[in-house]
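Each remark here refers to the structure printed beneath this line.
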Amino acid sequence: MNYTLHQLHVFLKITQNKSITKAAMELHLTQPAVSIQLKNFQDQFNVPLTEVIGRKLYVTDFGKEIAVAAEKILNEVHAINYKTMAFKGQLSGRLKISVVSTGKYVIPYFLSDFVKQNHGVELSLDVTNKTKVLKNLERNEVDFSLVSVLPENLQIEKIELMPNSLFLVANIDQKIGSGIQDKKIIETLPIIYREQGSGTRYVMEKFIENNQLTVPKKMVLTGNEAVKQAVLAGLGCSIMPLIGIKNEINNGDLQIIPVKGLPIKSNWNLIWLKGKKFSPVADAYLKFIQKEKNRIIEETFNWIKL
């Protein structure tokens, strides 16, 4: 046996994603590079680790056992690195944060200085939809989560970071009358929805339901970027967070349709389980946010006040 830590890491990502393509994306490698690493790793075992049936990759029972062992080995390696840093007096460890997809426009600015100041901190950032974010939090798999819709069935603590406003947005070529439009205009437009489990979809559907609007689903797309590109292409309109479309609005590629009752306003919240026992890294990050939050907002997001 002569496998490397890199091969263990690649194989673990493949088993977690059950896809070479998705593993390559997470690892920031090409698909052929990941396939080669998998082959080199497999060549060291006489028992198959994976199998492909109908173009779909499956992890064998043996492969699952190897994946568990690989995760334990990699965790021990991380522990050695952290202990080395700690011995040198540096803050070290892993900071795990789960973020709703639109939060990717927010969270990097609240992480950048902290990571730069603490070279021994390893960041694990999972960007996904609201449902998975809350599952990660409920299972205590992360230190913090960033959401705009607070969970109803979890006991949490939170810090409000900044406002989140959602507007009705259309391609610049969409012809709209002057002035503030009645809410009924939404019934006349081809509306693009986010996927089920998205926080943006949740607040959009609440707005439609509370105003007793009948809005057929023109299209359902996964992710804020996919919706934005569809709106830019003129495939329909959508209710979207301002934070994710600022550049397109400023460039004149998208237009905000003023509607009575909009924007929908909420807040971006950094949340964690009530009573959670923080690691030294998580505790340091919470203190960093409490101290630096206002400065970061003022330097980076002051345009939101306009």
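Overview of values
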{"item": "Identity of the residue in region 30-46, open to solvent by less than 60 Å² (accessible area, probe 1.4 Å) and among the aliphatic types (A, V, I, L, M), that ends up nearest to residue 66 (Cα to Cα)", "result": "38"}
{"item": "Residue under evaluation residue 244, criteria (1) of a type outside the set (A, V, I, L, M); (2) at negative phi; (3) surrounded by fewer than 20 Cβ atoms within 10 Å (Cβ to Cβ), criterion not met", "result": "(3)"}
{"item": "Of the criteria (1) open to solvent by less than 40 Å² (accessible area, probe 1.4 Å); (2) at positive phi, which one residue 296 fails", "result": "(2)"}
{"item": "Selection count, region 268-293, where residues are assigned to a helix (DSSP H, G or I), open to solvent by less than 50 Å² (accessible area, probe 1.4 Å) and either of a type in the set (Phe, Trp, Tyr) or farther than 18 Å from residue 158 by Cβ (or both)", "result": "4"}
{"item": "Set 230, 170: member being of a type in the set (A, V, I, L, M), in a helix (DSSP H, G or I), over 26 Å from residue 273 (Cβ atoms) and open to solvent by less than 50 Å² (accessible area, probe 1.4 Å)", "result": "230"}
{"item": "Region 204-227 - residue that is under 17 Å from residue 170 (Cα atoms) and part of a helix (DSSP H, G or I) and, of those, most open to solvent (accessible area, probe 1.4 Å)", "result": "225"}
{"item": "Considering residues of region 92-112 that are over 25 Å from residue 194 (Cβ atoms) and open to solvent by less than 50 Å² (accessible area, probe 1.4 Å) only, the residue modelled with the lowest pLDDT", "result": "92"}
{"item": "Which numbered condition residue 236 misses (of (1) more than 22 Å from the chain's Cα centre (by Cα); (2) without any contact (Cβ under 8 Å) to a residue 40 or more places away in the chain)", "result": "(2)"}
{"item": "Candidates 64, 13, 22, 83 - the one that is modelled with pLDDT of 90 or more, open to solvent by 20 Å² or more (accessible area, probe 1.4 Å) and within 30 Å of residue 271 (Cα to Cα)", "result": "13"}
{"item": "Residue within region 254-267 that is touching a residue at least 40 places away in the same chain (Cβ under 8 Å), open to solvent by 50 Å² or more (accessible area, probe 1.4 Å), under 25 Å from residue 185 (Cα atoms) and not in a loop (DSSP other than H, G, I, E, B) present", "result": "yes"}
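Rundown of residues vs (1) more than 24 Å from residue 126 (Cβ to Cβ); (2) out of contact with any helix residue (DSSP H, G or I) (no Cβ under 9 Å at 6 or more places or on another chain); (3) not in a helix (DSSP H, G or I), yes/no style:
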position: 1; (1), (2), (3): yes, yes, yes
position: 25; (1), (2), (3): no, no, no
position: 38; (1), (2), (3): no, no, no
position: 41; (1), (2), (3): yes, no, no
position: 63; (1), (2), (3): no, no, no
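Residue-by-condition table, conditions (1) surrounded by fewer than 19 Cβ atoms within 10 Å (Cβ to Cβ); (2) farther than 19 Å from residue 99 by Cα; (3) among the hydroxyl-bearing types (Ser, Thr, Tyr):
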residue	(1), (2), (3)
130	no, no, no
133	no, no, no
147	no, no, no
164	no, no, no
175	yes, yes, no
179	yes, yes, no
183	yes, yes, no
192	no, yes, no
198	no, no, yes
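The values are calculated or read from the model by the stated rules, or taken from the named source; none is laboratory data. The structure displayed is predicted, hence computed values, not measured ones. Glycine also receives a Cβ, built like all others from the backbone with ideal geometry; neighbour counts cover every protein chain displayed. All accessible areas refer to the heavy atoms of the entire protein, side chains included, with ligands and DNA or RNA removed. Shrake-Rupley method; radii C 1.70, N 1.55, O 1.52, S 1.80 Å.
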